[in-house]
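What follows is one structure encoded as structure tokens, with my remarks underneath.
A short reminder: the numbers here are calculations on the coordinates, not readings from a lab. Note that the coordinates shown come from a computational prediction; the quantities given were computed from them, not determined experimentally. Positions of Cβ are generated from backbone atoms using ideal geometry, with glycine treated the same way; all protein chains shown enter the neighbour counts.
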Amino acid sequence: MQALFLAAVIGLTALSAHAQVSVSDPWLRATVPQQKTTGAFMRLSSVESVQIVDARSPIAESVEIHSMNMENNIMKMRAVPSLAITAGKTVELKPGGYHMMFIGLKQQVKEGDVVPVTLVIEAANKKRETIDVKIPVKAIGAKSSNAQHH
């Protein structure tokens, strides 16, 4: 009985650790044949301040978090080592801003596909957790899913 109670407590603890970060409106841009990169977008929020320190997917050789900024009238895209999510705030990964780049695609991704991604989240105490996200693929010309709300 005690072992069952302990297992239940451990299960709830693991569940609450994953529940602190929420992902909403994820989507991945479809590709054309032989295209080797694409971007993913979503909204992330957390009850605690955390950071995304890694991401991976079986469809790509690597997944990186990138920022896009204007510098001297030139749009520059750069990989960032991590992405902070401040407690109670929402971080939006969107075209033209922070986003995830899927590099070295192993296959074409088509509208209607669903792509698995694992996010590695690090808390302030350096403890890491993973979150598995299923990302639906939208058409090549798709805009952010909340574009109609602006």
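The table for this structure:
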quantity: Highest average packing first - 114-126, 20-32, Cβ atoms within 10 Å; calculated: 20-32, 114-126
quantity: Partners for residue 36 among lysines (Cα-Cα distance below 21 Å; same-chain residues under 8 apart left out); calculated: 76, 94, 106, 110, 134, 138, 143
quantity: Signed unit charges on C-beta, dipole axis of the stretch 19-150, positive-most listed residue 131, 38, 79; calculated: 38
quantity: Only Lys, Arg (+1) and Asp, Glu (-1) charged, at Cβ; the stretch 18-84 dipole about Cα centre in debye; calculated: 200 debye
